[in-house]
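Beneath this line is the structure, given in structure tokens, with notes to follow.
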């Protein structure tokens, strides 16, 4: 049964017919935002975002959230870019754009819980990266946001089977990827690898989507994968776990991701995990509020 | 939704915290090990405001000075901590922690205890105040006697420094505020009406052994041994660094090799002890005595 489901998913992913197209604004924005800082121009970003009025409104909402560290209210996209800087603005624009990737027919599973997890994980990744002196917190944010993109693919191409896996995970208190593997023969990391490659995301995003449940299988971007893996786990244990409460105890310092990341970030040894966990609790309300406000399915 | 309305609603929902309030938050974490996340800063502000009214202080900056450089800083810190923890005690105060104990920790402990061929559990509520915490634990254990704890016995030691609190606990009568989180099932099963209050069942009382103990009493602390779990919530925040380290060392020595230490919500051992492992359970954390596998 699970082999059949797996084959069907792989076939559908191969043709990509049931998958959504990326929002028109997302691709040029991502390309543009990947340019070196010195080549970015304020007006071009403002123009790119302002082309889509709904996107512009969402970006302002997000830019004005304490989660993005604003100090003064931004009334226009230009204000927001000036207040937040190019990198944070990229975080905002990409977050708002990907939120529209979910299907409107949800087969009984509320897609907002997945976006809450992704946005929460992105924020945790960025703060974690800053806290341990990881070289690129902006990249960590982006990878945190997109690490579960395979779940969105499952919602499009195998909604019934995926919803059944979610139900089992909720009932058993088990991790979602294990339940997906049991009932569908494939989990969202494998799907995420295929779909993010198809959408031509960068290599690091693809590897994070593919390996975040098994960081030791990563090769080129091991520390980034490890960072997202630990952040993902922390979110799942802190009430931002796709609406699933995993009934288990974890010691983050025993996770493979910890050993991998400590090789590159010696500061990790002195990291205050307890305080970081309490800080994360402080985000949750705002993450719920933002996602419920900004979520718009296709 | 227009861009402008989106913006104004977002602006209404957020005001950047006063930088001195953030400093006060950090100071409390550094000194007492209790952290107020951003969504709890408003509550901390209210507590500070109460103290500022008493001291006739107008700004957070001046209050921060009181907590750091003025001659009253030690006394003021204790007064603020009292404000922070006031009204905290109630039955089922920290539901995720209770769920973690019942569904995750208890099975692990039973597995280890069974290896020792001792079908008996010892739990200590250190700083039990008026008894809500040990009675909550006791009710949870009693709920398990037909299933996980079939054939097991258990005892709950409950200590506090304050004689008046202990008398209240032994009396076992609680008002509506203390029982505000009490699930209906537990109310019906383990309490009887006593005027407007609720009286805890005698059977529950029999499992809990209340006594007076100062956690800094080195001699008496040596007798707290063979424990499976210690709960010490919002107590260590009042201790200075050295005393805190000593108390934690006693906890470590008193716990069995598989033992667990639970602190209050948002309370941390960072910088106090490296002997315990921090573990995460759903929406709660705990400290475990055992060594890491790596």
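Quick notes on this one:
- Centroid-to-centroid separation of segment B:205-228 and segment B:93-169 [C-alpha atoms, Å]: 14
- Diffusion coefficient (Stokes-Einstein, Kirkwood radius over C-alpha pairs, 4 °C, 1.567 mPa s) for chain A: 67 µm²/s, rounded to a whole number.
- A Förster radius of 35 Å, combined with the Cβ-Cβ distance separating residue A:105 from residue A:285, puts the computed FRET efficiency at roughly 0.75.
- Maximal additional length on extending the residue A:18-residue A:47 stretch stands at 7.3 nm, based on 0.36 nm per residue less the C-alpha distance.
- Helix B:241-254 axis versus longest C-alpha principal axis of chain B: approximately 20°, rounded to the nearest ten.
- Selected from B:268, B:125, B:71 as most flexible by GNM, with chain B as the system and alpha-carbon contacts under 10 Å: B:71
- Computed from label points 7 Å out along Cα-Cβ, the spacing between residue B:187 and residue B:27 is 4.1 nm.
- Projected label points at residue B:143 and residue B:120, each 7 Å from Cα along the beta carbon direction, are separated by 2.6 nanometres.
- Ordering A:166, A:46 by the number of other Cβ atoms within 10 Å of each residue's own Cβ, fewest first, gives A:46, A:166.
- Principal axis extents of the C-alpha atoms in segment B:95-288 (largest first, rounded to whole Å): 47, 37, 32.
- Dimensions (Å) - the protein assembly as shown, Cα atoms, principal axes, largest first: 70, 65, 50
- Here the calculated FRET efficiency for residue A:219 and residue A:167, from their Cβ-Cβ distance with R0 = 25 Å, stands at 0.10, rounded to the nearest 0.05.
- Within a Gaussian network of chain A (alpha carbon springs, distance under 10 Å), most fluctuating of A:137, A:159, A:36: A:36
- Under 15 Å from the residue B:72 label point (7 Å along Cα→beta-carbon), backbone N, segment B:24-53: B:48-53
- Extension gain, residue B:50 back to residue B:161 (0.36 nm per residue minus Cα-Cα distance, nm): 37.3 nm
- Distance between segment A:27-54 and segment B:248-294 - C-alpha centres, whole angstrom: 48
- Highest mobility in the GNM of chain A, judged by mean-square fluctuation with C-alpha springs under 10 Å and restricted to A:220, A:259, A:129, is found for A:220.
All of the numbers you see were taken from the coordinates with simple rules; none came from a lab. Just so you know, these numbers come straight off a predicted model, no measurement behind them. All Cβ positions, glycine included, derive from the backbone under ideal geometry; neighbour counts span all protein chains shown.
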